[in-house]
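Q: What follows is a single structure, and I will ask about it in a moment.
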Amino acid sequence: MRVLVTGGSGLVGRAIQQVVREEEGGGREGEQWTFLSSQDADLRSMEETRAVFRKHRPTHVIHLAAMVGGLFRNMKRNLDFWRDNLHINDNVLQAAHEADVVKVVSCLSTCIFPDQTSYPIDESMIHRGPPHHSNFGYSYAKRMIDVHNRAQFQQHGRRYTAVIPTNVFGPHDNFSVEDGHVLPGLIHKAYVAQKEGSPLVVWGSGAPRRQFIYSLDLARLFLWVLREYPEVEPIILSVGEEEEVSIREAAEAVVEALDFSGPVVFDGSRADGQFKKTASNAKLRRYRPDFAFTPFSRALKETCDWFVANYDSARK
């Protein structure tokens, strides 16, 4: 079993590396792991994608590579998010088919779900209406992975699937204030505000709600999906609905984790983005009823400690 991980140097890829290292001294017997970064191949190029598949000859693929960014970067560059991700995903899935890869597990996002929908959202609702206008380019490109997987199964019998995590955070995240996601952006801003003795300014009202999943928990579930999950249909990987928190509550948790002592200000002139994306993890619980998620406060504290210890080299 030769596993190729695209996007292997990012947040989730690094978490998978750590979990594999911790498994019985470096992964299960008979497994070989290769983690690619953008330095190894430009996956927007079919030629370079085929070349990297010929080089490593994978039997299994975890596909994480993507053009990603936070709310404001998405709002500015929907066309780029659409085109880059569409090329990356089509190239990887086609190269996997040509290389006779047994299984591909791709990574989607809860932002692919319809903006106007009932809650909680589940796996059957992906294509039931347009996504939120703020990131429609990224969302539609990610939805096409599900279309591609279904077509591969129908036409060639390939059992390629996808997971849908909620908001992921953890060590090795992109902590950019402008381009990163909400939680790492808050961590970075709170760290700088503490040093400068200035207020922590949170963009938006703080009212939107999110479910956050620790990258190491997601990594463990990714390995289970790769090794055992039998379906082509995607599966949501998330904490339960009761674990959903508001952005205001997330900011308060960051303040506590970093011992931030200054004032916190919410800038209501900034866009909030989608109000909620509450996802059901009922399907996951049917398969893994006993899976234990890391408590949010502990996972956030570990992430903040990592960021402080690695501030100079962290992506920001």
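The values are calculated or read from the model by the stated rules, or taken from the named source; none is laboratory data. All values reported here derive from a predicted model rather than from experimental measurement. In this analysis, Cβ positions are derived from the backbone assuming ideal geometry, glycine residues included, and neighbour counts consider all displayed protein chains. Please note that ligands, DNA and RNA were not included when accessible areas were found on the heavy atoms of the full protein model with its side chains. Shrake-Rupley method; radii C 1.70, N 1.55, O 1.52, S 1.80 Å.
Q: When the residues of region 42-82 are filtered to those that are modelled with pLDDT under 95 and in a loop (DSSP other than H, G, I, E, B), which remaining residue is farthest from ASP272 (Cα to Cα)?
A: Out of the qualifying residues, it is ALA66.
Q: Right, next: Give the residues of region 129-160 that are touching a helix residue (DSSP H, G or I) at 6+ places or on another chain (Cβ under 7 Å) and under 14 Å from HIS97 (Cβ atoms), sorted by residue number.
A: Once the filter is applied, which keeps residues that are touching a helix residue (DSSP H, G or I) at 6+ places or on another chain (Cβ under 7 Å) and under 14 Å from HIS97 (Cβ atoms), region 129-160 yields ILE145, HIS148, GLN152, HIS156, ARG158, ARG159, TYR160.
Q: Please enumerate the residues belonging to region 87-115 that are of a type in the set (A, V, I, L, M) and crowded, with 20+ Cβ neighbours inside 10 Å.
A: Result: ILE88, VAL92, LEU93, ALA95, ALA96, VAL101, VAL104, VAL105, LEU108, ILE112.
Q: State which residue is surrounded by the most Cβ atoms within 10 Å (Cβ to Cβ) when the search covers only region 248-281 and only residues that are touching a Lys or Arg at 6+ places or on another chain (Cβ under 8 Å) and under 20 Å from PHE113 (Cα atoms).
A: So the residue we want is LYS277.
Q: Just for region 282-309: of the residues that are over 21 Å from ALA251 (Cα atoms) and not basic (Lys, Arg), which one is most open to solvent (accessible area, probe 1.4 Å)?
A: ASP290
Q: Step by step: first the residues of region 33-58, then only those that are out of contact with any helix residue (DSSP H, G or I) (no Cβ under 9 Å at 6 or more places or on another chain) and of a type in the set (S, T, N, Q), then the one that is farthest from PRO171 (Cα to Cα). Which residue is that?
A: Here the answer is GLN39.
Q: Could you go through region 23-39 and let me know if any residue there is among the basic types (Lys, Arg), surrounded by fewer than 17 Cβ atoms within 10 Å (Cβ to Cβ) and more than 19 Å from ILE145 (Cβ to Cβ). First the steps, then the outcome.
A: Just the residues of region 23-39 that are among the basic types (Lys, Arg), to begin with: 28.
Imposing the further condition that a residue be surrounded by fewer than 17 Cβ atoms within 10 Å (Cβ to Cβ) reduces the set to 28.
Going one step further and asking which of them are more than 19 Å from ILE145 (Cβ to Cβ), we end up with 28.
Checked against the condition, which is being among the basic types (Lys, Arg), surrounded by fewer than 17 Cβ atoms within 10 Å (Cβ to Cβ) and more than 19 Å from ILE145 (Cβ to Cβ), region 23-39 yields at least one hit.
Q: Among the residues of region 96-110, write down those that are over 20 Å from the mean Cα position of the chain (by Cα), under 25 Å from ALA15 (Cα atoms) and in a helix (DSSP H, G or I).
A: ALA96
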